[in-house]
Amino acid sequence: MLILAIESSCDETAASVSLDGRKILSNVVYSQIDMHALYGGVVPEIASRKHAEKITAVAEQAMNQAGVRFSQLDAMAATCAPGLIGALLVGANFAKAASLMLDKPFIPVHHIRGHIAANYVAFPELEPPFTALVASGGHTLIVDVRDYTDMEVLGTTRDDAAGEAFDKIARVLSLPYPGGAALDRLGQGADPKKYRLPRAVVSGHPYDFSFSGLKTAAVNLTHNAAQKGEEIDRAALAAAVSDAVADSVVPRVVAAAREKGRTSLCAAGGVAANSVLRRRLQQACDKAGIKLYLPPLSLCGDNGAMIACQAYYEYLAGNVSDSSQNCYANMSVSETLCGR
Ligand code: KG4
Ligand code: ZN
């Protein structure tokens, strides 16, 4: 089954062609980051306009690279939730128009389910059930993946996502947006214990997170030092931030997997590219006897392949829609898009 999938939920215009889900024939990502970096964050209106400008060329490039003609496609798919609503609508409307024109099914895909599916692309042997850590710019979730389209949220963030904390702290360290990856690099080799930052725990809720305290503490530390005319050890602070995030997340996700009796754990989302988090997850899973799946960095951030892969499993589950399908800025990963 050949699917062309579009991802446009934030600041990447992406398209991919998948064959029977896991075989990715093309994966084209046009990043708008340079443009949003000028403003220190994603400007939704600009994101929508850029998606509208680029979507046709990106989709055509994905088709050309795959060596597939539109008439050969079996279905169209697009991310329909969650994300910037104007941005989502561009990708979904493109895919719906193509599905109408070709008289082929339209498959709406949940962005977080897509992130999880990046693991199916990277690891052909992987099958549910497993527990997943999804950490991106907008989400920090522990999800029990019971089946390809059957998911339970075990824990989530009460305020900021881990990626948001990384980006905000990176900004006060004068790193360009989005600063997560640069902060990760800056901290490498530095002493993570020089600064002590709060852990993102929520008392009484073992699988929930709160990253706002960590973010505020690091920002205040930097501002206080500046006011006193003191030099801050930027590398040590960056190392302390990655350390605090890993410390907050790793024991919780491993405990959740154990409670559910899962023997496999997957990481997903942009923050899953963090080197400290990856190392600590590996150590904790080795100790707990859990098999860890860490997708390559290229599949951690937003891309079309993860949507094209998940779309196949949504199709098999009967989650097929039509041109009346709407998009949603917020939606739980446990909900089904069709018929909403
Ligand atoms: O999944 P993603 O590409 O987009 C969303 O769906 O949000 O995640 C982007 C987030 C940004 O906050 C970015 O700074 C963060 O992932 N990120 C990292 C690293 N690479 C990307 N955070 C920490 N360490 C990294 N190496
Ligand atoms: Zn994402």
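The values are calculated or read from the model by the stated rules, or taken from the named source; none is laboratory data. These numbers were taken from a predicted model, which means no experiment stands behind them. Here the Cβ positions follow ideal geometry from the backbone for every residue, glycine too, while neighbour counts run over all protein chains shown. Accessible surface areas use protein heavy atoms only, side chains included; no ligands, DNA or RNA. Shrake-Rupley method; radii C 1.70, N 1.55, O 1.52, S 1.80 Å.
Things worth noting here:
- Test: residue in region 240-247 that is over 30 Å from Phe123 (Cβ atoms) and in the same structural domain as Val134 (by TED's automatic domain parsing): yes
- If the condition is being assigned to a helix (DSSP H, G or I) and either surrounded by fewer than 24 Cβ atoms within 10 Å (Cβ to Cβ) or among the charged types (D, E, K, R) (or both), then region 301-325 contributes Tyr313, Glu314, Tyr315, Leu316.
- Only listed residue being among the small types (Gly, Ala, Ser), without any contact (Cβ under 8 Å) to a residue 40 or more places away in the chain, open to solvent by 20 Å² or more (accessible area, probe 1.4 Å) and within 16 Å of ligand 1 (Cβ to nearest atom), chosen from Ser298, Ser275: Ser298
- Number of positions in region 173-190 that are in contact (Cβ under 8 Å) with a residue 24 or more places away in the chain and buried (at least 22 other Cβ atoms within 10 Å of the Cβ): 5
- Candidates Val109, Val134, Val143, Val121 - the one that is within 15 Å of ligand 2 (Cβ to nearest atom), more than 25 Å from Arg340 (Cα to Cα) and crowded, with 22+ Cβ neighbours inside 10 Å: Val121
- Count of region 41-93 residues which are open to solvent by less than 60 Å² (accessible area, probe 1.4 Å) and of a type in the set (D, E, K, R): 1
- Residue tally, condition assigned to a loop (DSSP other than H, G, I, E, B), closer than 26 Å to Ser321 by Cα and in contact with a Lys or Arg (Cβ under 9 Å, 6 or more places away or on another chain), over region 103-128: 1
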